[in-house]
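The values are calculated or read from the model by the stated rules, or taken from the named source; none is laboratory data. Just so it is clear, the structure is predicted and the values come from calculations on it, not from any experiment. Every residue, glycine as well, gets a Cβ built from its backbone with ideal geometry; the counts of neighbours run over all protein chains shown.
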């Protein structure tokens with residue numbers, strides 16, 4: 001049955017109800033499919049002009065389906081669905097035997113339509129945020145081990161990209177909060193026993209878990225090191241050969257000494 005309203009149509013299947021489209025998906029209640037959208041009648045030429053994938057004439061096909069049609073070939077969508085259901089295995093076998101051609105065609109198509117595909121994909125993601133989030137959570141749970149291994153290998157092979165990403169993230173408001181919490185948590189495990197006096201332009205450098213040596217800031221920044229790993233903490237110390245040599249290099253004048261306990 002077809003109901004017309006100001007050149008718009010609400011359609012029902014001659015067999016008691018066909019799939020009803022909301023966006024790109026079917027919707028149903030109690031096992032019966034009902035049209036929920038009021039669809040505008042449009043010709044195939046108009047659909048091509050507007051670059052639509054589907055169009056709706058309101059007229060039944062040769063099989064009696066009142067359904068949308070594909071713009072590219074004028075095929076009835078309901079007929080296409082029924083054909084696939086009846087020939088599922090044959091179609092899968094054909095696709096498998098021609099997978100190399102299909103892959104090459106897909107790569108070529110996406111390369112030639114990169115901008116338009118990006119717009120379409122972005123629109124789809126915006127319309128299907130909840131569906132996409134559910135799918136990604138499920139996929140991550142099912143592939144947790146392989147995903148962890150992939151992330152580990154990627155980080156090991158892309159140190160510069162990781163540092164750049166972390167540096168940019170640390171400049172965001174959320175990143176600053178996370179970094180502050182991390183530093184506070186780590187500093188709880190470090191002692192503070194200064195081995196020399198603090199002076200102007202100096203910063204405290206941990207040579208081990210508890211002992212701190214005040215050194216010029218430019219020297220501290222010159223040598224790459226981590227505060228919380230034993231190997232990197234000793235890099236500056238190893239540069240001077242011994243703790244005694246290091247302390248002798250940084251004996252401040254009386255007027256340069258700062259009485260504060262830390263920065």
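Some notes on this structure:
- Matching residues in segment 208-222 - criterion: being surrounded by 19 or more Cβ atoms within 10 Å (Cβ to Cβ) and closer than 11 Å to residue 246 by Cβ: 213, 214, 215
- Counting only helices (runs of 4 or more DSSP H) wholly contained in segment 116-209, the ones carrying 1 or more residues that are within 30 Å of residue 51 (Cα to Cα) and not assigned by TED's automatic domain parsing to the domain that holds residue 244 occupy 129-142.
- Residue match in segment 167-190 (condition: farther than 22 Å from residue 218 by Cβ, touching a residue at least 12 places away in the same chain (Cβ under 8 Å) and surrounded by 12 or more Cβ atoms within 10 Å (Cβ to Cβ)): yes
- Scope segment 73-93; condition closer than 17 Å to residue 60 by Cβ and either touching a helix residue (DSSP H, G or I) at 6+ places or on another chain (Cβ under 8 Å) or part of a loop (DSSP other than H, G, I, E, B) (or both); matching residues: 74, 75
- Among the numbered conditions (1) part of a loop (DSSP other than H, G, I, E, B); (2) without any contact (Cβ under 8 Å) to a residue 60 or more places away in the chain, the only one that residue 48 does not meet is (1).
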